[in-house]
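What follows is one structure encoded as structure tokens, with my remarks underneath.
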Amino acid sequence: MAAAAPPPPPTPAAITLPDPTPTGQPVFARVRLGNASDVPHIHKLIHQMAVFERLSHHFSATEASLSSTLFTSPPFQSFTIFILEVSPNPFPPTIPPHPLFSPITQIAPLDLPINDPEKEAFRSHNSGGLDVVIAGFVLFFPNFSTFLGKPGFYVEDLFVRDCYRRKGFGKMLLSAVAAQAVKMGYGRVEWVVLDWNVNAIKFYEEMGAKVLQEWRICRLTGEALQAYGSAHN
């Protein structure tokens, strides 16, 4: 009698592979000139920066003090602010370009969507009805190098909100300042960085900046500054 045929091999279970398609969507970014209507957002950004830098005990700026100081002169002649805006949609060319500056746009191809818990608080008033959020800013003004015999830009503050960091937006802001300096024939762009902020130091060095270890910041402020006013009255 013939031996019974062996049972058929088991059918392997179907394996579901992860979908390689990114689950997020591109983020469209724009750097534009700031204006007086941005002051409430700028004030909130400066406060967040002070908290991040562990210097909130020195923060005393108000919207009124910013309004009375910023945007009182044409851009690039005094204090100038670039605003970083982000949107899930492309930016239309709706902002009239300044004679010396046109808005800069860029696409960030992210795998995951950005969760912005403060989206409504930072919704842009200059969006023309689009879904646009302010993500950061840079404030700079002219200075002068006697050694070069040329003006330059000094960056007072550069800040990107937490959920938008490490996505290339800080480089986009600083690059916009550097490009403007080149366009105007300026000799350099400089700024300071906190010594404990190793991520920022690495970021700046990767952009080609030199961190000058031999220099120290000297500052007169508060009572020490006011003493000179009373001494010469």
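Laboratory data are not the source of any read-out in this text; all were calculated from the coordinates shown. None of these values were measured; they are calculated from a predicted model. Cβ placement follows ideal geometry from the backbone for every residue including glycine, while neighbour counts extend to all protein chains displayed.
If I model a spin label as a point 7 Å beyond the Cα along the Cα-Cβ vector, how far apart are those points for GLU53 and SER37 in nm?
Simple spin-label model gives 2.9 nm for this pair.
Please compute the length gained on full extension between SER67 and LYS202, using 0.36 nm multiplied by the number of residues separating them and subtracting their Cα-Cα distance.
Full-extension gain reported as 45.2 nm.
Using 0.36 nm per residue of separation minus the Cα-Cα distance, give me the extension gain between HIS98 and ALA227 in nm, one decimal.
Full extension of this stretch gives 42.3 nm more.
Can you compute 3J(HN,Hα) from phi for each residue in the range 142-147, using the Karplus curve 6.51 cos²θ - 1.76 cosθ + 1.60 with θ = phi - 60°, rounded to whole Hz and x for Gly and Pro?
After applying 6.51 cos²θ - 1.76 cosθ + 1.60, I find x, 9, 9, 9, 5, 5 Hz.
Taking 2.2 N^0.38 Å as the expected size of a compact globular protein, what ratio does the Cα radius of gyration of the range 118-233 give against it, to two decimals?
Expressed relative to 2.2 N^0.38 Å, the Cα Rg reads 1.35.
Rounded to the nearest 500 deg cm²/dmol, what is the calculated helix-only ellipticity per residue at 222 nm for the chain, with -39500 (n - 2.57) per DSSP H run of length n ≥ 4?
Roughly -7000 deg cm²/dmol at 222 nm, from the helical runs in the chain.
How do the peptides 166-175, 190-199, 76-85 rank, highest first, by the average count of neighbouring beta carbon atoms within 10 Å per residue?
76-85, 166-175, 190-199
In the chain, what is the count of Lys pairs whose alpha carbons are under 26 Å apart, counting only pairs at least 8 residues apart or on separate chains?
16
With an 8 Å cut-off on Cα pairs and a minimum separation of 6 or more residues, tell me the relative contact order of the range 110-233 in percent.
Contact order relative to length: 17 percent.
To the nearest 10 degrees, how steeply does helix 169-183 sit against the main Cα axis of the chain, on a 0 to 90 scale?
On a 0 to 90 degree scale, this one is about 50.
Highest first, please rank the peptides 30-38, 179-187 by the mean number of other Cβ atoms sitting within 10 Å of their residues.
Most protected by this proxy first, the peptides run 30-38, 179-187.
For the range 77-92, take each phi angle, set θ = phi - 60°, evaluate the Karplus expression 6.51 cos²θ - 1.76 cosθ + 1.60, and give the result in whole Hz per residue in order, putting x for glycine and proline.
Per-residue couplings from phi come out as 8, 8, 5, 10, 10, 9, 9, 9, 10, 10, 7, x, 10, x, 8, x Hz.
Rounded to the nearest 5, what % of the DSSP beta bridges within the chain are antiparallel ones?
In the chain, DSSP labels about 95 percent of beta bridges as antiparallel.
For the range 41-119, restrict the atom set to alpha-carbon positions and state the Rg and Dmax in Å.
Using the Cα atoms of the range 41-119, the pair Rg, Dmax is 16.1, 42 Å.
I'd like the per residue volume of the convex hull spanned by the Cα atoms of the range 85-163, given in cubic angstrom.
Output value, Cα hull per residue: 143 Å³.
Would you report the distance distribution of C-alpha pairs in the chain as whole percents per 5 angstrom bin, up to the bin with the largest distance?
1, 5, 11, 15, 16, 15, 11, 7, 4, 3, 2, 2, 1, 1, 1, 1, 1, 1, 1, 0, 0, 0, 0, 0, 0, 0
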